Amino acid sequence: KEALVTALSLKHNFHLAKNLILFLGDGMGVSTVTATRILKGQLEGKPGEETVLTMDTFPNLALSKTYNVNMQMPDSAATATAYLCGVKATYGTLGLSATARRGQCSTEKNNEVHSVLHRARAAGKSVGIVTTTRVQHASPGGNYAHTSERNWYSDAAQPADALAGGCKDIAYQLVHNTDINVILGGGRQYMLPNNITDPEYAKQTGDRLDNTNLIDEWLKNKKNAKYVWNKAQLDAVDEDTTEYLMGLFEPKDTRYELERNAETDPSLTEMVEKAIKILSKNPKGFYLFVEDNEAKKALYEALTSERDTMSVVTADHSHVFSFGSSSPRGNPVLGLSTKIGTDKKYFTTALYGNGPGFAIDSNGTRPDININITSKYIKICATGYTQQSAVPLSSETHGSEDVAIFAKGPMSHLFHGVQEQSYIAHAMAYAACIDPTPRQNKTNPLNLIVNTNK
Ligand SMILES: [Zn+2]
């Protein structure tokens, strides 16, 4: 009844979105959202199903069709092109229209498409990228890079024809394409030449063959710019006097939250807070892209206002993660079904359609799921046990079904129904009156009433 009262009192918010925040859960399918919700509650000692995630409170939802132009099962690069730039793309390509062919440098030229982040910067907003992956990964990379091969993190990964053709690696493009104010995540090694030792790991060096230190390049000619590579340095950054901040905390991806060294590596929340404090000084507002592969979205609510900030949470694609079978209320989310298979053996309620969990023992039968194995796994939650899968693969694949879009703030009611994934970029740009889809409130056929933020 309370939910009905809330629904009846919902009003569309026609304010101008001064700020845009896109939270991207890589691979965060709906089954993952459900499992995350239950796990969160169970870690707090509750049954779990009734738990409310922050994104569960967002009033507007849509489904996003994630397929690529040439693939039913999408990849993270072509999907990033869709939700960031507004066009469907070719599998494995980033920031290019579908005319481009994967790995073919010659198809890049004149096929570049630009992200909402890029357009927001051109409109005078401050912009930022925060991620738990390398900042050159496909999802953050779609904000600034145009490449026919998503794996060209540095020039060391590029084949001779791409180098000869003048196609630039993603780390190079991070520094040269878009004037980004805040860049926080992993990916140091792609920025440093291969004769420079990593500051944290003495046995590792940079990756680059062009003898260029891209961190120095980025700092060059910028006022009030800082580079940091550990948590203490990040904590010491004064938001009031810093206009540009690059923080690269690992050579590749940052570590999972459970494995993170809290002394040396900042948490995602700490990175997001620092970013918002720097970006929100701009009176014209900001665009922030946040990638989180652990579906934990919370805590920065206090830093923004729903009145002038559009927040969107979505996924690039799903995984072949399935979650079901007979289980009573409060059943451990990583635990056993109360059913027993026709082979008289136990199984977990979380299973994969394919992946490394496939196993047939020497008798040609499925290994039993020992209760001790799963209860040990439940305690440690992230390591030690691989759920069974139907088909053997070294790692599980992406899923092909729709993912959810959760939205709140100005114009968030644009997120409704079943939409192509590329719609996300158009709706976000429209909400903030960003080119090329300016909101024309005077000639608006829908006669929308648009207020500015008074
Ligand atoms: Zn992905």
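The values are calculated or read from the model by the stated rules, or taken from the named source; none is laboratory data. If you're wondering where the values come from, they're calculated on a predicted model, not measured in any experiment. We place every Cβ from the backbone using ideal geometry, glycine too, and count neighbours over all the protein chains shown.
What the table below lists for this structure:
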read-out	value
Looking only at the range 107-124, and only at residues there that are part of a loop (DSSP other than H, G, I, E, B) and among the charged types (D, E, K, R), the one that is surrounded by the most Cβ atoms within 10 Å (Cβ to Cβ)	Glu108
When residues of the range 251-303 are limited to those that are of a type in the set (Gly, Ala, Ser) and surrounded by fewer than 18 Cβ atoms within 10 Å (Cβ to Cβ), the one modelled with the highest pLDDT	Ser267
Spans of helices (runs of 4 or more DSSP H) in the range 193-290 with at least 3 residues in contact (Cβ under 8 Å) with a residue 60 or more places away in the chain	268-279
Check on Met55, within 16 Å of the ligand (Cβ to nearest atom) and either buried (at least 19 other Cβ atoms within 10 Å of the Cβ) or under 23 Å from Thr304 (Cα atoms) (or both)	no
Hits in the range 125-135 - residues which are of a type outside the set (Ser, Thr, Tyr) and not in a loop (DSSP other than H, G, I, E, B)	Val127, Gly128, Ile129, Val130, Arg134
Every pair of residues 6+ apart whose Cβ atoms lie under 8 Å, when the first sits in the range 48-66 and is assigned to a helix (DSSP H, G or I) while the second is buried (at least 19 other Cβ atoms within 10 Å of the Cβ) and of a type in the set (Phe, Trp, Tyr)	Met55/Phe23; Met55/Phe406; Asp56/Phe406
Residue selected from the range 306-320 under the condition part of a strand (DSSP E or B) and within 13 Å of the ligand (Cβ to nearest atom), by the criterion nearest to Thr386 (Cα to Cα)	His319
Selection from the range 78-106 of residues that are assigned to a helix (DSSP H, G or I) and either within 16 Å of Asn177 (Cβ to Cβ) or of a type in the set (Asp, Glu) (or both)	Ala80, Thr81, Leu84, Cys85
All positions within the range 158-167 that are free of Cβ contacts under 8 Å to residues at least 24 places away in the same chain and crowded, with 21+ Cβ neighbours inside 10 Å	Gln158
